[in-house]
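A.B. asks: Mind looking over this structure? Questions follow.
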Amino acid sequence: MKMKYLKLKQWLILSLMSALGFGACKSHKSVVEPQMEEKIEEIEERSEIRLMYGVPTMDYRVRGKVIDENGKPVSGVKLNMLEPGIEATADTVYGDQENVKKYLQNTSVTSDEDGRFEVSFQGVPQEEVRVLARDVDGSANGQFKNQLLNIKVDESSVDKKEAKGWNRGSFKKEVTIKLERK
């Protein structure tokens, strides 16, 4: 009777885990063999299940300065680090117009009076990150062309001290973005 109860309990847990996507997860303890039915009382009930479910991630941080052709700092420039899967050119971010607008508003930072900025996000490990610089303040400090900067993620720029579990570390880069006048 206890064996049937244990099998039913295991089947219910397995069904629930499969429905939630935990099909490949498994306990670190062995399953009770059918020939051990008479010793079931001596076997410890499984109480700990180790699960590791997720996708590798990395922290990305790009900081720097926005300058014009003469090396003077440019303030009021909106900067976004574009996450993987977002298609863009310097002047267009593709996708549903409402969602693109919300994304750009919610993830942007603005360069300060010294042209300094810092953008960051956490995402899957990738070979390249993209920073979109947009002049949105009109003629307040001059008019500049938008720029899409591609930054190579090389192993020497990844700090693996914080790497643990699914986190693969952090990428940090200092850049200077030189904008051209329109």
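A.B. asks: Looking at region 153-175 only, could you name the residues that are free of Cβ contacts under 8 Å to residues at least 24 places away in the same chain and either closer than 28 Å to Gly76 by Cβ or outside any strand (DSSP E or B) (or both)?
C.D. replies: The initial filter retains those residues of region 153-175 that are free of Cβ contacts under 8 Å to residues at least 24 places away in the same chain, namely 154-157, 159-161, 163-164.
Residues satisfying the conditions are Asp154, Glu155, Ser156, Ser157, Lys160, Lys161, Ala163.
A.B. asks: Any residue at all in region 111-120 that is surrounded by fewer than 16 Cβ atoms within 10 Å (Cβ to Cβ), out of contact with any helix residue (DSSP H, G or I) (no Cβ under 6 Å at 6 or more places or on another chain) and closer than 21 Å to Thr89 by Cβ?
C.D. replies: Checked region 111-120: no residue is surrounded by fewer than 16 Cβ atoms within 10 Å (Cβ to Cβ), out of contact with any helix residue (DSSP H, G or I) (no Cβ under 6 Å at 6 or more places or on another chain) and closer than 21 Å to Thr89 by Cβ.
Any read-out appearing in this document is the output of simple, stated calculations on the displayed coordinates, not a laboratory observation. Because the structure is a prediction, the values reported are computed rather than measured. Note that we place each Cβ from the backbone using ideal geometry, even for glycine, and neighbour counts take in every protein chain shown.
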